[in-house]
Amino acid sequence: MEILGIDIGGSGIKGAIVDTLHGILVTDRHRIDTPDPSTPEAVAIVVRQLVEHFNWNGAVGCTFPAIVKRGVVYSAANVDKSWIGTDAHALFTDITGLPFMVLNDADAAGIAEMGFGAGRDHKGIVMILTFGTGIGSAIFVNQTLVPNTELGHLEIRGKEAERRASDATRKRKQWSWEEWAKRVNEYLAHVEFLFSPDLIIMGGGVSKKHEEFAKYLKTNAPLVPAQLLNDAGIIGAALAARRWME
Ligand code: BGC
């Protein structure tokens, strides 16, 4: 079954049509800059533009970089604060006339990696951590997602982890990979102490540079790069929409 996947991020909003049986994109990705300010109305217009770009007339799976429960957004760390309390599901359905399933971006990336990527067939506790504008997290226990875990907001030395160790912070501070990896190691040690994962999958914008920094990272559990790279959000959103419709 084909479903349009949309991945809403702090800097770009990307979409592609996904073959949900095989977990692959069947079209090129189309990307539009995230509007600034990223208000619900402005983002909804971009979502409609993506639907129109693909001439799409079916179900849509859509990620959002915040806590999302039953389609309603409950936080807004890297998007306009007016999202808090917004029913994203209703907003996108109204503006496009199509059925939408909206979920957290890291949860979507995790669903894709567990189904078709680095976590395929893995039992036990698997953590997906995405490093981009913020730090996203998804935890799977024997392949079942515990949604909205928000581990990018753990406090390390009195500061939110994603302010210390996200990829956006690395770029802003112009750190080398080694300097950034020191902060990431501190964060990973904390997360491992709290959750004792069996496998850590590192995703987000940095995943395509994995070989540059992997040598500096130290963990107890095996740490592997996300295999679906930046497509994980789009693919996971489409997979989640399919499950939601079944
Ligand atoms: C948000 C999470 C999101 C992560 C990655 C964090 O700031 O609170 O919901 O998954 O960024 O985008």
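Read-outs: derived from the displayed coordinates by stated rules, not from any lab. This one's a predicted model, so the numbers in the text were calculated from it and none came from an experiment. Neighbour counts are summed over all protein chains in view; Cβ atoms, including those assigned to glycine, are modelled from backbone coordinates with ideal geometry.
Can you list the HN-Hα couplings for the stretch 62-67, worked out from phi with the Karplus curve (6.51, -1.76, 1.60; θ = phi - 60°), rounded to whole Hz and with x for Gly and Pro?
With coefficients 6.51, -1.76 and 1.60, one gets 9, 8, 9, x, 6, 5 Hz.
Taking the Cα centre of each part, how many Å lie between the stretch 116-169 and the stretch 41-99?
First find each Cα centre; the distance between them is then 22 Å.
Applying the Karplus parametrisation 6.51 cos²θ - 1.76 cosθ + 1.60 with θ = phi - 60° to the phi angles of the stretch 120-125, what ³J(HN,Hα) value in whole Hz is obtained for each residue in order, glycine and proline being reported as x?
Each residue's phi maps through the Karplus curve to give 3, 6, 7, 9, x, 9 Hz.
Could you work out Rg/(2.2 N^0.38 Å) for the stretch 121-226, with Rg from alpha carbons only?
On the way: Rg = 12.8 Å, N = 106, 2.2 N^0.38 = 12.9 Å.
So the Cα radius of gyration is 0.99 times the expected 2.2 N^0.38 Å.
What do the square roots of 5 times the Cα gyration tensor eigenvalues come to for the stretch 165-246, in whole Å, largest first, as semi-axes of the equivalent ellipsoid?
Output for the stretch 165-246: semi-axes of 26, 17, 11 Å.
Around residue 28, what is the net charge, scoring Lys/Arg as +1 and Asp/Glu as -1 over all other residues with Cβ under 13 Å from its Cβ?
On the way: positive: 14, 29, 31; negative: 231.
The answer is +2.
What angle do you read, to the nearest 10 degrees and between 0 and 90, between the alpha-carbon axis of helix 40-53 and the longest principal axis of the chain?
In the chain, helix 40-53 runs at an angle near 70 degrees to the longest axis.
Can you give the local net charge around residue 14? Use residues other than it whose beta-carbon is closer than 12 angstrom to its beta-carbon, Lys and Arg +1, Asp and Glu -1. Intermediate values should be presented prior to the final figure.
Details: positive: 29, 31; negative: 7, 28, 33, 105, 231.
Taking every Cβ under 12 Å from that of residue 14, the sum is -3.
Expressed as a rounded percentage, what relative contact order does the stretch 176-246 have, with Cα pairs under 8 Å and six or more residues apart?
Details: 52 pairs, mean separation 26.3, N = 71.
Once normalised by length, the contact order is 37 percent.
Defining a contact as two alpha carbons under 8 Å apart and six or more residues distant in sequence, what relative contact order in percent does the stretch 34-180 show?
Working: 236 pairs, mean separation 24.2, N = 147.
Reported relative contact order: 16 percent.
Compute the angle between helix 232-245 and the longest alpha-carbon principal axis of the chain, please, reported from 0 to 90 degrees and rounded to the nearest 10.
In the chain, helix 232-245 runs at an angle near 50 degrees to the longest axis.
Tell me the Rg and the Dmax, in Å, that the Cα atoms of the chain produce.
Final numbers for Rg and Dmax: 17.0, 49 Å.
Nearest 10 degrees, 0 to 90: what angle lies between the long axis of helix 105-116 and the longest principal axis of the chain (Cα atoms)?
For helix 105-116, the angle is close to 90 degrees.
Springs between alpha-carbon pairs under 10 angstrom, Gaussian network model over the chain: which of 100, 195, 92 fluctuates most?
Answer for the Gaussian network model of the chain: 195.
Could you tell me the relative contact order of the stretch 121-226? Use alpha-carbon pairs under 8 Å, at least six residues apart, and round to a whole percent. Don't skip to the answer; put the middle values down first.
Numbers: 175 pairs, mean separation 31.1, N = 106.
It comes to 29 percent, rounded to a whole number.
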